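The values are calculated or read from the model by the stated rules, or taken from the named source; none is laboratory data. Predicted, not measured: the structure shown is a model, and the values here were computed from it. Virtual Cβ from ideal backbone geometry, glycine too; neighbours counted across all protein chains shown. With ligands, DNA and RNA removed, areas are computed over all heavy atoms of the protein, side chains included. Shrake-Rupley method; radii C 1.70, N 1.55, O 1.52, S 1.80 Å.
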Amino acid sequence: MFDGREAIRKLALNIARYTGLAPLAKPFVGGVGAILMLHRVTATPEKPNGVNRHLNIAPEFLDAVIADMKASGYAFVTLNEAIERIKAGGKDGQFATITADDAYRDNMTEALPVLEKHGAPITIYVAPGLINGAADLWWDVIEDLVNARDRLTLMTSSGPAMIDCSTPAKKLQANARLHAYLTLEVREEDQRIVLRELARANGIDLEAPRPSTLMNWDEIRSIAAHPLVTIGAHTVNHRNLKRLSETDARHEIGDAKRILQAELGEEPHHLAYPYGYATAVGGREVGFARDAGYASAVTTRHGLLHAEHSGFLHALPRISVNGRYQNVAYIRTMLSGVTTPLANAGKMVVTI
């Protein structure tokens, strides 16, 4: 189905690229470095045409992006070193560090060989609740629910509502409706209960074992021992922190450190805020991350790193390397810096 917003973003990228604006602007607005954000990296996604396909890139594309950036002079460093380079104002040249959210298994099986080829470090952000099964990859679950039925009944505060899932276009609309329902209308604390009730009411058993696309604890322990891998925290249950009370938000941020240390034998020093956009993280949450003792925290705001970020180490932007833009030229244009103010109402140094 046609995505107007994606088309507009690609048009802007192409204009910047073909007019020659991007390479001309890079020396002035390209910043000192970049944090790349990944989710899934696999050549064989289970649902290649699914609504969540944007979360995936092919290993070959990751390989091409890293090679192109290295050829352009980027040094790939650990997140710890990236923080030190930000503090130093980028005086040692442009750098990049790679991060991945949620601990998908293919980060180990398909992304890691690419990283080994290039000697490129990665920080993988783990939410213990997702690994333990106490929290759900709900965006995957609702996609499965919609795909399994031609119609769903949703129990809302106004009574039952019928959701049409009978055609590909209707399924896309149904996914958007359920996404909004779970993230805007249902309390974060109730999201799992509501999701399971939705499945039960429509004859789908979520209590039965489901194929897991995430690593288990043994796999996380194994990859944590790899010299290129750093494990960071993604809160306990991957909840929208802005929708939680102060007590619950602090628990999500702080207890993730305790649980990961207990499971892996080492305390994480870096945090990724779940979702990471403006309605999920603000000044309050940045303060909580700082209070919890993390050395850094990343958002999903689109932007490059600048020397000024030394004062905002708990609100760092990233460049999303995702399935919508599997074209090295697009990433090159984003790294030029010209897209940062376009995505952030004119701001060049992006924090929150």
Q | Tilt relative to the chain, helix 138-148 - C-alpha long axis, 0 to 90 degrees, to 10 | A | 50
Q. Are there trypsin sites (Lys or Arg not before Pro) in segment 1-97 that DSSP marks as loop and that have at most 15 other Cβ atoms within 10 Å, and which are they?
A. Lys91
Q.
As a test of the formula, what do you get for the chain when each DSSP H run with n ≥ 4 contributes -39,500 (n - 2.57) and the sum is divided by the residue count, at 222 nm and rounded to the nearest 500 deg cm²/dmol?
A. -12000 deg cm²/dmol
Q. Along the positive direction of the dipole of segment 284-335 (beta-carbon charges: Lys, Arg +1; Asp, Glu -1; about the Cα centre), which of His314, Tyr325, Thr299 reaches farthest?
A. Tyr325
Q.
Rounded, prolate or oblate for segment 1-63? Axes are the square roots of the Cα gyration tensor eigenvalues, ordered a ≥ b ≥ c, and the cut-off for rounded is a/c under 1.5.
A. oblate
**Q.** Viscosity 0.692 mPa s, 37 °C: Kirkwood-radius Stokes-Einstein D of segment 120-268 over Cα pairs, µm²/s
**A.** 193
Q: Taking DSSP loops as anything outside H, G, I, E and B, show the longest stretch in the chain free of chymotrypsin sites (Phe, Trp or Tyr not before Pro) there with at most 15 other beta carbons within 10 Å.
A: 3-276
Q | Sequence-distant residues sharing a close amide H with Ile319 (under 5 Å, placed H) | A | Ile35, Leu36, Met37, Gly303
Q | Point-charge dipole on Cβ atoms (K/R +1, D/E -1) for segment 73-122, about Cα centre, debye to 20 | A | 240
Q) Between Glu246 and Asn327, what FRET efficiency follows from the Cβ-Cβ distance if R0 is 41 Å, with the result rounded to 0.05? A) 0.45
Q: Amide H neighbours of Ala96 under 5 Å, at least 5 residues apart or on other chains, H built in the peptide plane: list them.
A: Ala34, Ala75, Phe76, Val77
Q) So which of Lys170/Lys257; Lys26/Lys257; Lys26/Lys171; Lys10/Lys47 end up more than 32 Å apart by C-alpha? A) Lys170/Lys257; Lys26/Lys257; Lys26/Lys171
(Q) About the Cα centre, and with charges only on the beta carbon of Lys, Arg (+1) and Asp, Glu (-1), how big is the dipole of the chain? Nearest 20 debye, please. (A) 1160
Q: Go through Cys165, Ala22, Thr153 and say which Cα lies farthest out towards the positive end of the charge dipole of the chain; charges sit on Cβ, +1 for Lys and Arg, -1 for Asp and Glu.
A: Ala22
Q) From the list (1) 0.96; (2) 0.98; (3) 1.05, can you say which value of Rg/Rh (Cα atoms, Kirkwood Rh) was derived from the structure given? A) (1)
Q. Residue by residue through segment 186-200, which ³J(HN,Hα) values in whole Hz follow from phi under the Karplus form 6.51 cos²θ - 1.76 cosθ + 1.60 (θ = phi - 60°), with glycine and proline marked x?
A. 9, 4, 3, 5, 9, 4, 5, 5, 5, 4, 5, 5, 4, 5, 4
Q) Whole-Hz Karplus ³J(HN,Hα) for segment 320-327, in order, using 6.51 cos²θ - 1.76 cosθ + 1.60 and θ = phi - 60°, x for Gly and Pro? A) 7, 9, 9, x, 6, 10, 7, 8
(Q) I want the antiparallel fraction of DSSP beta bridges within the chain, as a percent rounded to 5. (A) 25
Q | Anisotropy class of segment 272-352 from Cα gyration tensor, a/c 1.5 cut | A | prolate
Q | Residues of segment 1-109: accessible area per residue with a 1.4 Å probe, Å² | A | 48
Q: Report, by chain and number, residues whose modeled amide H sits under 5 Å from the one on Ala297, excluding near sequence neighbours (fewer than 5 apart, same chain).
A: Leu271, His314, Ala315, Leu316
Q. Once phi is turned into θ = phi - 60°, what whole-Hz ³J(HN,Hα) does the Karplus curve with 6.51, -1.76 and 1.60 give for every residue of segment 118-124, x standing for Gly and Pro?
A. 9, x, 9, x, 9, 10, 10
